[in-house]
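Chemist: If you scroll down you'll find the structure; I have some questions about it.
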Amino acid sequence: MFTSIDKIASWAKDKGFIYPSSEIYGKLAGVYDYGYYGTLLKENIKNAWVKDMVQARKDIVLIDSAIFMHPTTWKASGHVDNFDDPQIDCKHCKARHRADILLEDYGINADKLPIDEINKIIADLKEKGTTIKCPICGSTELTPAKKFSLMVKSNLGAPTDVLSEDNVVYLRAETCQGIYLNYKNVLNSTRVAPPFGIAQVGKAFRNEIIARQFVFRTREFEQMEMQYFCHPDLVKEKYEEFKEYRMNWYKKYGIPSESLRYYKHLKLAHYASEAYDIEYKFNSLGDFKEIEGLHARGNWDLSQHTKFSGAKLDYLDPKTNERYTPNVVETSCGLNRVLLAFIDNAHKTENLEDGSTRDVLKIDTRLAPIKVAVFPLLKNKPDLVNKATQVYDILKEDFMTEFDDNGNIGKRYRRQDEIGTPFCVTVDFETLENEELKNTVTVRNRDTMKQERISIDALDKYLKDNLK
Ligand code: ATP
């Protein structure tokens, strides 16, 4: 179990899951690269999400919209004017802070409060004898809170040295705007009609004031979002349905109920009429934290885009002849944050009967980066290595398989335990020579550590049956 975010970060780097970005140049704060196992894990989580949000549902389709969008998109959505966080600087050590997060340490929930109200809370606290401090250096010399825009700007097709408001394009701050802009295209080109959903997985960018919690909060990240378009009368029912559906998704993939809860937002974002978060209790952060947002967005986005573009984004129900602008129920989670939650939940240090310990990632087998590892018992016996290579060649067709002949067998088991590989297959002398056991191998289970002897011919079926 990870008891701090630094421990999980150093584990993730050591084991080939996540590396700090641009490390040889001293890192780029709030940006991370994914290593071999991290990339596979991220891919598996994404596929699990698409499976349950799209494949398993008649009423949801998938798109992949561009990161760059027409700049007016972000004016219409309210992001240019309203997508900001309250920033406070320490005059002493120059550290930057998010005022609402700073105030959490004083038992105050200032989430989404306007700047004036935040400054008033800080002044009231001072009057009552509590002066807020910089959590880095302890100084009480802090600036007043001010607005800090989270939008990341770039430019296209214009000189790169002038970033004026005329040529600015934004890196999208949420993937859902690409869904709204394609709402009509999807409606006109696929079989769906309200009530229906559009799902998307893709990168989003936010100029976060602070990004100190590893991949929990980064400036470049991936979102898995679904926008469900329905008649206003259906919103309540659909909101409740997705609230439960999404909670069950985390449980289905191994997060226990007691580590999950809902948090109801009282202060809402500019677009939302109802908002709950799904929170996970991170061992590494010592508390429940948001992993997914569930929002009833009304018809805010479609209406705004109609207002700014002139395009009609409504729906004429052929059965009732009613014309209306669909209301939206949104489910939105951060792929990287969810990946962090799955690692945080699955990592265990176990005491073994012989007095030793082992670190193991007991992650759902569907999410495990590598499904099976194949070992020759000894590296220096060509017959064993050849046979193990044959087994590897068979399995790699159907499973993400790793071949390992480094170190002794115990070390190889430990290495696979640490990255969460559900099964290890060992080719030993019995496989080659024993009359009865010829062409059988041992299969060792990550969770029980028990071994079974299985015929090589039956391996493929055994693994398919035992990998959920
Ligand atoms: P927070 O309050 O943590 O800043 P938010 O409420 O602004 O997040 P949303 O805009 O609702 O987040 O985004 C939906 C989801 O996207 C969040 O639940 C989270 O999983 C993910 N997410 C948002 N910002 C980041 C980020 N900077 N890094 C990683 N994931 C993020």
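The values are calculated or read from the model by the stated rules, or taken from the named source; none is laboratory data. What you see is a predicted model; the values in this text were computed from it and never measured. Cβ: placed from backbone, ideal geometry, glycine included. Neighbour counts: every protein chain shown. Surface accessibility is based on the protein's heavy atoms, side chains included, excluding ligands, DNA and RNA. Shrake-Rupley method; radii C 1.70, N 1.55, O 1.52, S 1.80 Å.
Chemist: Given the conditions (1) under 24 Å from residue 336 (Cα atoms); (2) in a strand (DSSP E or B); (3) more than 16 Å from the ligand (Cβ to nearest atom); (4) of a type outside the set (Val, Ile, Thr), report the number of the one that residue 51 does not fulfil.
Modeler: (2)
Chemist: Only one of these conditions is not met by residue 420: (1) touching a residue at least 60 places away in the same chain (Cβ under 8 Å); (2) open to solvent by 10 Å² or more (accessible area, probe 1.4 Å). Which number is it?
Modeler: (2)
One line per residue, one yes/no per condition, for (1) among the hydroxyl-bearing types (Ser, Thr, Tyr); (2) within 14 Å of the ligand (Cβ to nearest atom); (3) under 21 Å from residue 423 (Cα atoms):
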{"position": "320", "(1), (2), (3)": "yes, no, no"}
{"position": "343", "(1), (2), (3)": "no, no, yes"}
{"position": "346", "(1), (2), (3)": "no, no, yes"}
{"position": "357", "(1), (2), (3)": "yes, no, yes"}
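Chemist: Condition check: touching a Phe, Trp or Tyr at 6+ places or on another chain (Cβ under 8 Å) and at positive phi. Does residue 78 satisfy that?
Modeler: Yes.
Chemist: Can I ask one more? Could you please let me know if residue 434 is open to solvent by 70 Å² or more (accessible area, probe 1.4 Å) and at pLDDT below 95?
Modeler: Here the answer is no, as residue 434 does not meet what is asked.
Chemist: Let me ask you something else. Filter segment 448-467 for residues that are open to solvent by less than 70 Å² (accessible area, probe 1.4 Å) and either under 33 Å from the mean Cα position of the chain (by Cα) or touching a residue at least 60 places away in the same chain (Cβ under 8 Å) (or both) and give the result.
Modeler: Of everything in segment 448-467, those that are open to solvent by less than 70 Å² (accessible area, probe 1.4 Å) and either under 33 Å from the mean Cα position of the chain (by Cα) or touching a residue at least 60 places away in the same chain (Cβ under 8 Å) (or both) turn out to be 449, 456, 459, 460, 462, 463, 467.
Chemist: Mind listing just one residue for me: the one in segment 138-153 that is among the polar types (S, T, N, Q) and assigned to a loop (DSSP other than H, G, I, E, B) and, of those, most open to solvent (accessible area, probe 1.4 Å)?
Modeler: Looking at residues that are among the polar types (S, T, N, Q) and assigned to a loop (DSSP other than H, G, I, E, B), I get 140.
Chemist: Looking at 112, 128, which one is within 13 Å of the ligand (Cβ to nearest atom), open to solvent by 40 Å² or more (accessible area, probe 1.4 Å), over 18 Å from residue 171 (Cβ atoms) and out of contact with any Phe, Trp or Tyr (no Cβ under 6 Å at 6 or more places or on another chain)?
Modeler: Criteria check complete, one pass: 112.
Chemist: Can I ask one more? Of the numbered conditions (1) within 16 Å of the ligand (Cβ to nearest atom); (2) of a type outside the set (S, T, N, Q); (3) farther than 30 Å from residue 64 by Cα, residue 210 fails exactly one; give the number of that condition.
Modeler: Checking residue 210 against (1) within 16 Å of the ligand (Cβ to nearest atom); (2) of a type outside the set (S, T, N, Q); (3) farther than 30 Å from residue 64 by Cα, the one that fails is (3).
Chemist: Among the residues of segment 309-359 satisfying the criterion of being charged (D, E, K, R) and part of a strand (DSSP E or B), which is most open to solvent (accessible area, probe 1.4 Å)? Explain how you work it out, then say what you get.
Modeler: Of the residues in segment 309-359, the ones charged (D, E, K, R) are 312, 314, 317, 319, 322-323, 330, 337, 344, 348, 350, 353-354, 358-359.
Next, only the ones that are part of a strand (DSSP E or B) stay: 323, 330, 348, 350, 358-359.
Values: 323: 135, 330: 3, 348: 78, 350: 42, 358: 2, 359: 55 Å².
For segment 309-359, the residue satisfying everything is 323.
Chemist: Would you check if there is a residue in segment 60-70 being of a type in the set (Gly, Ala, Ser), touching a helix residue (DSSP H, G or I) at 6+ places or on another chain (Cβ under 9 Å) and over 22 Å from residue 367 (Cα atoms)?
Modeler: Yes, segment 60-70 contains a residue that is of a type in the set (Gly, Ala, Ser), touching a helix residue (DSSP H, G or I) at 6+ places or on another chain (Cβ under 9 Å) and over 22 Å from residue 367 (Cα atoms).
Chemist: In segment 54-79, which residues are in a helix (DSSP H, G or I) and open to solvent by less than 40 Å² (accessible area, probe 1.4 Å)? It would help to see each step written out before you state the result.
Modeler: Keep residues of segment 54-79 that are in a helix (DSSP H, G or I), which gives 54-55, 72-76, 79.
Passing the criteria: 54, 73, 74, 76, 79.
Chemist: Here is a follow-up. Looking at segment 393-407, which of its residues are within 20 Å of residue 368 (Cβ to Cβ) and open to solvent by less than 50 Å² (accessible area, probe 1.4 Å)?
Modeler: 395, 399, 401, 402, 404
Chemist: Are any of the residues in segment 285-301 surrounded by fewer than 17 Cβ atoms within 10 Å (Cβ to Cβ), more than 16 Å from the ligand (Cβ to nearest atom) and over 26 Å from the mean Cα position of the chain (by Cα)?
Modeler: no
Chemist: Another question, then. Can you go through 100, 89 and tell me which one is surrounded by 17 or more Cβ atoms within 10 Å (Cβ to Cβ), modelled with pLDDT under 95 and either within 15 Å of the ligand (Cβ to nearest atom) or closer than 28 Å to residue 191 by Cα (or both)?
Modeler: On the way: 89 fails: either within 15 Å of the ligand (Cβ to nearest atom) or closer than 28 Å to residue 191 by Cα (or both).
Checking each option against the conditions leaves just 100.
Chemist: Would you check which residues across segment 401-451 are farther than 25 Å from residue 342 by Cβ and charged (D, E, K, R) and list them?
Modeler: 405, 411, 428, 430, 433, 435, 436, 438
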